[in-house]
Amino acid sequence: MILYANCTECEEEILFRTGSLNRADLRETYGESLQLTCTRCLKADHYPLADLQARTSKRAFLLSALVLLIGTPAGLVYFWDYIGQSLVYASAALVCIISIPAGVYRILHSSEEKKVRAFNRSQ
Ligand SMILES: [Zn+2]
């Protein structure tokens, strides 16, 4: 999950990656505000935790892409004998090869979205 705040100087988004699930967790670790430095104008400032918003990271997408990249050749090798036998087996193999990375993406992405919603609702 990625947290972000808008720079007080140039409005650029300042990103902050965290494993904290809500503002109470973050408050225990960092106190009432976080010192963040803008990557564009390099201004460091304190941002109250209430001003931070969460959004999903691209981790779910990257992991799913990795599963697709590794899983597709592995699936083709594994199902190769069946693919040559008939169109029905070939179709079933293709559905398996495509649905596994899609399922991984859906599970990871929905889990991340739940965390983001919970964080943004937390006080
Ligand atoms: Zn800035």
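The values are calculated or read from the model by the stated rules, or taken from the named source; none is laboratory data. On a predicted model such as this, the values are computed, not experimentally measured, just so you know. Here the Cβ positions follow ideal geometry from the backbone for every residue, glycine too, while neighbour counts run over all protein chains shown.
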- Message: Regarding region 44-56, can at least one residue be identified that is of a type in the set (G, A, S) and within 16 Å of the ligand (Cβ to nearest atom)?
- Response: yes
- Of the residues L63, L34, L42, which single one is surrounded by 15 or more Cβ atoms within 10 Å (Cβ to Cβ) and either in the same structural domain as V116 (by TED's automatic domain parsing) or assigned to a loop (DSSP other than H, G, I, E, B) (or both)? L63
- Query: Can you tell which of E32, E11 is within 12 Å of the ligand (Cβ to nearest atom) and either charged (D, E, K, R) or modelled with pLDDT of 90 or more (or both)?
  - Reply: E11
- With the first residue restricted to region 1-26 and required to be over 19 Å from K58 (Cα atoms), and the second required to be acidic (D, E) and part of a strand (DSSP E or B), Cβ contacts under 9 Å at 6 or more apart or on different chains are N6/E13; C7/E13; C7/D45; T8/D45; E9/D45
- Which condition number in (1) over 29 Å from R117 (Cβ atoms); (2) surrounded by 14 or more Cβ atoms within 10 Å (Cβ to Cβ); (3) among the charged types (D, E, K, R) is the one that D81 fails? (2)
- Query: What number goes with the only condition from (1) surrounded by 14 or more Cβ atoms within 10 Å (Cβ to Cβ); (2) out of contact with any helix residue (DSSP H, G or I) (no Cβ under 9 Å at 6 or more places or on another chain); (3) in a helix (DSSP H, G or I) that L68 does not pass?
  - Reply: (2)
- Query: Which one of these is hydroxyl-bearing (S, T, Y) and either in contact with a Lys or Arg (Cβ under 6 Å, 6 or more places away or on another chain) or closer than 29 Å to A5 by Cβ (or both): Y105, Y82, Y89, Y78?
  - Reply: Y105
- In region 101-123, anything part of a helix (DSSP H, G or I) and small (G, A, S) is listed as A102, G103, S110, S111, A118
